[in-house]
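J.: For reference, the structure I am asking about is given below.
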Amino acid sequence: MLNDQTNGHKMTTTEIQTAVLDSGLRECENSMNSNNNSSNGSSSCNSLNGDASHEFTTASQSQASGVPNNSVNSTTNTSTTSKPILNQLNKYLTPPPGVDLKDWHEMPRHLQFNPYVLKGYRPLQDVRGCLNSLFYMHNETVNILTHGIPIVYILATVPAILPWENEYRFLSWCHLVGSVAPWCGSFMYHLFMNLEHGEYTYYRLLQLDMLGIWISQSFGALPMVTATVFCLNGFMKWFIILSYCVLSIWGLYKALTAASPWQRRLCFALPFTMRIFLALLRVTRLGGGNPSSFTHVVLQDSVSLVGGVIGAMHIPEKWFPGAVDMWLNSHNIMHILVVTAVYSMHQATVLDLEWMVNGKCTDTIAMNLTETHTEL
């Protein structure tokens, strides 16, 4: 039949489609009429005609675009599969109904501590609202996660690699508590800082944050302090350890009574200065500690110092107000850097504890330098 309709010229795809559909429709109607089901036959044939037309249209579009039909179906399936993922991501990024993120000028004065972060603030909420804020994006999300995840990681991995013998059990506990304390305080502070109970509650949370930092700076540093003076005589050893403890207690008092952000940062200046002195002591004949840990001893304070300076100067949001409200602002960067600093503290402590267990006062940085000089 199709050859008769061509009349000597090449038919287009559309003409072939029309001819096939007409032929199929006539055959369907004749068959149904012979069975005396004209009403049902007409609807059945129309349905058949519609299905066939859809298939021809899809095939024609596929040929016109040069893409095989199975490729089109594959693309459609991939798009359909990716939609749930995008929907879940969009659901996480979007606050739930009833929660409207605020601008800086809409927040209470005690929450207006960074004038360069302009949007994304959570409204004042109750405890349940603060907990629910874990499941949508706001300008404290990165701060909460960067210090919440280390809590789980440290508790799951660190205890298994520390020496728990009677002689070093206290130092192992100091390291474990000192490693996890700053993240616990920071996590609680950032998660509940927008509690609706006012400025008093906010400053209690801020003190909890400072307490966590102090525990890390005091108890967390004791293994490094002890390893540094490990080879000294009893009087000098305990004099240095007790001096560091006194300076740490002074720092705690200043931290809990500080009236400004700069006072809170400077309250740890004396313990920090003493740790620098102890790091320098390691390169002399008097200093102890694992020689391999020296790089981490330097990094644990220098990296945290850089993070503190970035946070205090509000870089980079100071240059691009409103552009880094949700991530990569100064507080986000500071959080990541102090996590890196505590990682260096962990590496240095593990190496120093191993060194003290072996009791190798002949294996120090100064001894290694002397041996190298002799060989030269």
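The values are calculated or read from the model by the stated rules, or taken from the named source; none is laboratory data. Treat the numbers as computed from the prediction; the structure is a model and nothing was measured. Here the Cβ positions follow ideal geometry from the backbone for every residue, glycine too, while neighbour counts run over all protein chains shown.
J.: Taking the stretch 277-306 only, how many residues are of a type in the set (A, V, I, L, M) and either under 20 Å from Ile240 (Cα atoms) or not assigned by TED's automatic domain parsing to the domain that holds Arg265 (or both)?
T.: Going through the stretch 277-306 one residue at a time, the tally reaches 8.
J.: Does Arg285 count as outside any loop (DSSP other than H, G, I, E, B) and basic (Lys, Arg)?
T.: Values: outside any loop (DSSP other than H, G, I, E, B): no; basic (Lys, Arg): yes.
For Arg285, the condition - outside any loop (DSSP other than H, G, I, E, B) and basic (Lys, Arg) - is not met.
J.: Quick one: Tyr116 ticks every box in (1) in contact with a His (Cβ under 9 Å, 6 or more places away or on another chain); (2) part of a helix (DSSP H, G or I) except a single one, so which number is it?
T.: If we test Tyr116 against (1) in contact with a His (Cβ under 9 Å, 6 or more places away or on another chain); (2) part of a helix (DSSP H, G or I), just (2) comes out false.
J.: List, please: which pairs have Cβ atoms under 6 Å, are six or more places apart or on different chains, and start with a residue in the stretch 151-174 that is in the same structural domain as Ile215 (by TED's automatic domain parsing) and end with one that is in a helix (DSSP H, G or I) and at pLDDT below 95?
T.: Cβ pairs passing all conditions: Pro163/Val357.
J.: Considering the stretch 99-132 alone, what residues qualify as being among the polar types (S, T, N, Q) and touching a residue at least 60 places away in the same chain (Cβ under 8 Å)?
T.: Asn114, Gln125, listed by residue number.
J.: Can you tell me which residue in the stretch 288-301 is nearest to the chain's Cα centre (by Cα), limited to those that are small (Gly, Ala, Ser) and part of a loop (DSSP other than H, G, I, E, B)?
T.: Step one: filter the stretch 288-301 for residues small (Gly, Ala, Ser), giving 288-289, 292-293.
Subsequent filtering for residues that are part of a loop (DSSP other than H, G, I, E, B) retains 288-289.
Values: Gly288: 36, Gly289: 33 Å.
Ranking the candidates gives Gly289 first.
J.: Every residue in the stretch 222-272 that is in contact with a helix residue (DSSP H, G or I) (Cβ under 7 Å, 6 or more places away or on another chain) and assigned to a loop (DSSP other than H, G, I, E, B), please.
T.: Val229, Phe230, Ala258, Cys267, Phe268 - these are the residues of the stretch 222-272 that are in contact with a helix residue (DSSP H, G or I) (Cβ under 7 Å, 6 or more places away or on another chain) and assigned to a loop (DSSP other than H, G, I, E, B).
J.: Output the number of residues of the stretch 161-202 satisfying the condition of being closer than 27 Å to Pro123 by Cα and not β-branched (Val, Ile, Thr). Let's see the steps before the verdict.
T.: Restricting attention to the stretch 161-202, the residues satisfying the condition of being closer than 27 Å to Pro123 by Cα are 182-202.
Checking the rest, the ones that are also not β-branched (Val, Ile, Thr) come to 182-200, 202.
Residues flagged as closer than 27 Å to Pro123 by Cα and not β-branched (Val, Ile, Thr) within the stretch 161-202 amount to 20.
J.: Quick one: would you say Ser304 is surrounded by 21 or more Cβ atoms within 10 Å (Cβ to Cβ), in a helix (DSSP H, G or I) and in contact with an Asp or Glu (Cβ under 6 Å, 6 or more places away or on another chain)?
T.: When the stated conditions are applied, Ser304 does not pass them.
J.: Let me ask something additional. Quick check: anything in the stretch 239-248 in the same structural domain as Lys360 (by TED's automatic domain parsing), within 31 Å of the chain's Cα centre (by Cα) and touching a residue at least 24 places away in the same chain (Cβ under 8 Å)?
T.: Within the stretch 239-248 (the criterion being in the same structural domain as Lys360 (by TED's automatic domain parsing), within 31 Å of the chain's Cα centre (by Cα) and touching a residue at least 24 places away in the same chain (Cβ under 8 Å)), the answer is yes, since at least one residue qualifies.
J.: Give me the pairs: first residue in the stretch 271-300 and on the phi > 0 side of the Ramachandran plot, second residue surrounded by 22 or more Cβ atoms within 10 Å (Cβ to Cβ) and assigned to a helix (DSSP H, G or I), beta-carbon distance under 6 Å, and six or more apart or on different chains, which are they?
T.: Gly289/Ala227; Gly289/Thr228; Gly289/Asp352
J.: Okay, next question. Could you tell me which residue of the stretch 94-111 is farthest from Glu196 (Cα to Cα), considering only residues that are over 24 Å from the mean Cα position of the chain (by Cα) and assigned to a loop (DSSP other than H, G, I, E, B)?
T.: Looking at the filtered set, the residue picked out is Pro97.
J.: Six or more apart or on different chains, Cβ under 8 Å: which pairs go from a residue in the stretch 316-329 that's surrounded by fewer than 18 Cβ atoms within 10 Å (Cβ to Cβ) to one that's of a type in the set (D, E, K, R)? Could you list them?
T.: Gly322/Lys119; Ala323/Glu317
J.: Quick check on this structure: which one of Phe219, Phe192 is crowded, with 18+ Cβ neighbours inside 10 Å, under 28 Å from the mean Cα position of the chain (by Cα), under 26 Å from Asp363 (Cα atoms) and in contact (Cβ under 8 Å) with a residue 12 or more places away in the chain?
T.: Residue meeting the stated conditions: Phe219.
J.: Please determine whether any residue of the stretch 131-150 is surrounded by fewer than 20 Cβ atoms within 10 Å (Cβ to Cβ), of a type outside the set (Asp, Glu) and over 20 Å from Pro95 (Cβ atoms).
T.: Within the stretch 131-150 (the criterion being surrounded by fewer than 20 Cβ atoms within 10 Å (Cβ to Cβ), of a type outside the set (Asp, Glu) and over 20 Å from Pro95 (Cβ atoms)), the answer is yes, since at least one residue qualifies.
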